[in-house]
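Student: Starting off with a structure, shown below.
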2 protein chains.
Amino acid sequence: MSLEIKIKEMRVTPIAIADPPLRSSYGLHQPYALRNILEFESEDGVVGISETYGGEAPMDALLTLNEEIVGADPFELTGSLQHMLSGQSGDADASQTHLVPGENPVDANRRTYAAIEVGCLDLIGKTVGKPVCDLIGGRVRDRVPFSAYPFYKHAGGGGEGGDSREDKYGECLSPETLVGQVIKMREEYGFKSIKFKAGVLNPNEEIETIKQLYRELGPGIPLRIDPNSAWTVDTSVRVGKELAVELGRGGYLEDPTASIAGMAEVRRRLLSEGINTPLATNVAVTCFEDLPYAIKEDAAQIILCDHHYWGGMRHVQHLAQLCQTFDLGVSMHSNNHLGVSLMGMAHVAAATPHLTYACDTHYPWQTEEDEVVVGGRIPIIEGCVEITDKPGLGVELDYDQLARGRERYEKCPYRKRDDTAEMRKHVDPDWERKLPRW
Amino acid sequence: MSLEIKIKEMRVTPIAIADPPLRSSYGLHQPYALRNILEFESEDGVVGISETYGGEAPMDALLTLNEEIVGADPFELTGSLQHMLSGQSGDADASQTHLVPGENPVDANRRTYAAIEVGCLDLIGKTVGKPVCDLIGGRVRDRVPFSAYPFYKHAGGGGEGGDSREDKYGECLSPETLVGQVIKMREEYGFKSIKFKAGVLNPNEEIETIKQLYRELGPGIPLRIDPNSAWTVDTSVRVGKELAVELGRGGYLEDPTASIAGMAEVRRRLLSEGINTPLATNVAVTCFEDLPYAIKEDAAQIILCDHHYWGGMRHVQHLAQLCQTFDLGVSMHSNNHLGVSLMGMAHVAAATPHLTYACDTHYPWQTEEDEVVVGGRIPIIEGCVEITDKPGLGVELDYDQLARGRERYEKCPYRKRDDTAEMRKHVDPDWERKLPRW
């Protein structure tokens, strides 16, 4: 047998999906999150899919490569485009510290490459009838654990006007309501660890939120707190000290302050107080080039990777081996996403032995109404996504749903994520992202 | 289409191949080198092949896994056996510093895993009609550069009695004869860099050998010298200084002295003298666990990987990304091998962007008479092995040749490599490997 797969066409469909008014140190989520859905159709009519960051810039970056993609063999394309993964030097002020993931120019090419790699792997998997995890080394687990991802939020379930979604959780802008959100989320998905998005209220209230979560859930449910660099080193150390017990049971303190140097100082000061809570990062460290300095300075003990911006699945595997070598933990960062990305994360996690913490996911914030995969939302059971024997990523596109997503996108007034603009519109016309804020 | 590949049978064939009386700091090569040739036959009758270390221990390690291998899907097997790659702690005295590659207990499981991984990839490639390099990320080069690998040697072409091979190079135990060897080897294979196996004669003669090579070949042909840890730190520094010019043009100083600490001291002292010749290693650093300390101490600037003992092709790719991250060069170590291993090295090299030096190969020391691949020896043209579009590793077994290799093995009195025994037999009955020797 000789398998000839040739990509006949690449299609990129920009979509908008309803997103609740979630708060973070970046500001406020807009009523719609943007995504791009990719299709790579072979001459045999098999369609490989992938999902990446939304809006115009990612779409344009993909379309620019159309000539290299059409006619290519997906087995070879990931090789011939490897040059996209080589170092892009980082301008510290245009990094993920200041820009939301997906807008960080440092990894623009890596994001584009990753979207193509996943689509190629799905196309190969669907052509040969094999799950993606088994194309990239073979699964080491069948169930991939994810973590609950509670946010402070305003009232509303996302979407606008007649297209509004049900608000399952209501307004959550206090410790008590945040705990209520987590309880509901756990009831529905069975999550066994909690990653709490902080950097929104005064740190004392956020400390109180974690303390209430700990009292409610007990020491068996690891807790993480992520203020996205909103704190000074002093505040970070104070929070680390006050939450030493609560975060110390398998949890972590994520990007409390900006920069590798800042993180390293937090680490040194916490250790000097006898507090060994690990620091995790997907803001201070966003690419391989950041690692030598971060490791030298012990700035982070857990790297939160994301195949969407680390250069794809195989690069996540390289990263995990590097982390294992340097005794760093590994987990996974998440942006708003639908089922295609969720399955991408699950497949790479399934084929990555050194994954030491449950992965983040925004998935509970999206709804059935917006899901673009056939059969609707991917089940998360006991906090896990199951890897089945279905080929590729195990999901196919529902083209009616995709068309609806595109219609929503066409109606949407924005073409990139802007949490600051949304914050100014709804909360404070003078709002600015200030780092550190506290 | 759904592709069902199930391994019906694993066959391991131990073979012996003639090997000239090459000298190194480990002693003297025996008249036959041992290898094991693996076959993984699927229920469809496709046969995936691989080649690994020879003799009984590697064969037994493979056969022990027979139950896990037979009936397995090769896409999945590399996942379900991943546990074999997790840390085996190293006993410093039972390391590659003292034992030849293939006898180092630290990486025993990784060697076994690697042999299986390559066989699975070849089986997949041959089933779907794709080259192995395109199964592991896609090729970034079509021609893989190798380096000439001259040795001091006694007269003789390998083999014994009526089974002796032609001695192409004659005795080479002086600078002049070594240079003659390199000239012949370059005429035949077109190598564009030279890796010279030292640690055999007095360092002054080895320095003279490099100087003569440099005079003969000019600065355009990078020179490397590898005494396999035979020198003290002082001697290593002295050689580094005396050969600063000759090794400085794209060459390196490989494992001059034992241990990461020793290498680090050599590096520091050379740098303090303004000599920036990189140190390479496949003895001081043999596994991921060695890297953090080696990197911290700047003990090596080039890692010589080998998929045969680093845990397979994908782990070589992980390693290369790690090296790129830490600004280390990457090249490839070699043992005596035939065409299956050569193509394995070539395929992983083809799919590894960060390969910064031509790979080592012993291949010129083996002969057509012993080659087990159909069509005879793999061409090395202008120093390169070409990656074609042939499926898998691009080679098939010649079963008559394999049977001859096995016959030779049956007649061979030894079941593992022992360069010390051979040295005692032919050169000095009291010979012992002494580290450091000079």
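Student: Being touching a helix residue (DSSP H, G or I) at 6+ places or on another chain (Cβ under 9 Å) and among the charged types (D, E, K, R) narrows it down to one of B:E188, B:E254, so name that one. Let's see the steps before the verdict.
Tutor: Working: B:E254 fails: touching a helix residue (DSSP H, G or I) at 6+ places or on another chain (Cβ under 9 Å).
So the residue among B:E188, B:E254 that is touching a helix residue (DSSP H, G or I) at 6+ places or on another chain (Cβ under 9 Å) and among the charged types (D, E, K, R) is B:E188.
Student: Given the options A:V266, A:V285, name the one that is of a type in the set (A, V, I, L, M) and away from chain B (no Cβ under 14 Å). Spell out the reasoning first.
Tutor: Values: A:V285 fails: away from chain B (no Cβ under 14 Å).
Sole residue among the options that is of a type in the set (A, V, I, L, M) and away from chain B (no Cβ under 14 Å): A:V266.
Student: Let me ask another. Consider B:Y414 carefully, then state whether it is at pLDDT below 95 and surrounded by fewer than 21 Cβ atoms within 10 Å (Cβ to Cβ).
Tutor: yes
Student: Can you say whether B:L121 is within 14 Å of chain A (Cβ to nearest Cβ), more than 23 Å from B:D370 (Cα to Cα), without any contact (Cβ under 8 Å) to a residue 24 or more places away in the chain and crowded, with 18+ Cβ neighbours inside 10 Å, as far as the supplied structure shows?
Tutor: Here the answer is no, as B:L121 does not meet what is asked.
Student: Here's something else I'd like to know. Working only within the range B:219-256, note down all residues that are acidic (D, E) and assigned to a loop (DSSP other than H, G, I, E, B).
Tutor: Within the range B:219-256, the subset acidic (D, E) is B:226, B:234, B:242, B:246, B:254-255.
Matches in the range B:219-256: B:D255 only.
Student: Continuing with this model, one more query. Against the condition closer than 19 Å to B:R143 by Cα and either surrounded by fewer than 24 Cβ atoms within 10 Å (Cβ to Cβ) or touching a residue at least 60 places away in the same chain (Cβ under 8 Å) (or both), how does B:V385 come out, does it pass?
Tutor: yes
Student: Working only within the range B:34-57, note down all residues that are of a type outside the set (A, V, I, L, M) and under 16 Å from the mean Cα position of the chain (by Cα).
Tutor: B:R35, B:N36, B:S50, B:E51, B:T52, B:Y53, B:G54 - these are the residues of the range B:34-57 that are of a type outside the set (A, V, I, L, M) and under 16 Å from the mean Cα position of the chain (by Cα).
Student: Just for helices (runs of 4 or more DSSP H) wholly inside the range A:47-90: which have at least 1 residues that are surrounded by 24 or more Cβ atoms within 10 Å (Cβ to Cβ) and among the aromatic types (F, W, Y)?
Tutor: Numbers: elements: A:56-64, A:66-69, A:74-80.
Correct list: A:74-80.
Student: Within the range B:288-318, which residues are facing chain A (nearest Cβ under 10 Å) and over 21 Å from B:S50 (Cα atoms)?
Tutor: B:F288, B:E289, B:D290, B:L291, B:P292, B:I295, B:K296
Student: Another question, if that's okay. Just to be sure before I move on: is A:V128 within 14 Å of another protein chain (Cβ to nearest Cβ) and closer than 18 Å to A:M345 by Cβ in the structure I sent?
Tutor: no
Student: Among the residues of the range B:319-336, write down those that are facing chain A (nearest Cβ under 8 Å) and more than 18 Å from A:Q82 (Cβ to Cβ).
Tutor: Residues satisfying the conditions are B:F326, B:D327.
Student: Just give me the residues in the range A:209-226 being surrounded by fewer than 24 Cβ atoms within 10 Å (Cβ to Cβ) and either in contact with a Ser or Thr (Cβ under 9 Å, 6 or more places away or on another chain) or modelled with pLDDT under 95 (or both), in sequence order.
Tutor: A:I221, A:P222
Student: How many of the residues in the range A:155-198 are within 21 Å of A:V144 (Cα to Cα), assigned to a loop (DSSP other than H, G, I, E, B) and in contact with a Ser or Thr (Cβ under 9 Å, 6 or more places away or on another chain)?
Tutor: 3
Student: Identify all residues within the range A:148-171 that are within 20 Å of A:K425 (Cβ to Cβ) and touching a strand residue (DSSP E or B) at 6+ places or on another chain (Cβ under 8 Å); write none if there are none.
Tutor: Correct list: A:F151, A:Y152, A:K153, A:H154, A:G157, A:G158, A:G159, A:E160, A:D163, A:S164, A:R165, A:E171.
Student: When the residues of the range A:353-373 are filtered to those that are β-branched (V, I, T) and over 16 Å from A:P31 (Cα atoms), which remaining residue is surrounded by the fewest Cβ atoms within 10 Å (Cβ to Cβ)?
Tutor: The qualifying residue surrounded by the fewest Cβ atoms within 10 Å (Cβ to Cβ) is A:T356.
The values are calculated or read from the model by the stated rules, or taken from the named source; none is laboratory data. Just so it is clear, the model here is predicted, and its values are computed rather than measured. Backbone-built Cβ (ideal geometry, glycine too); neighbour counts: all protein chains shown.
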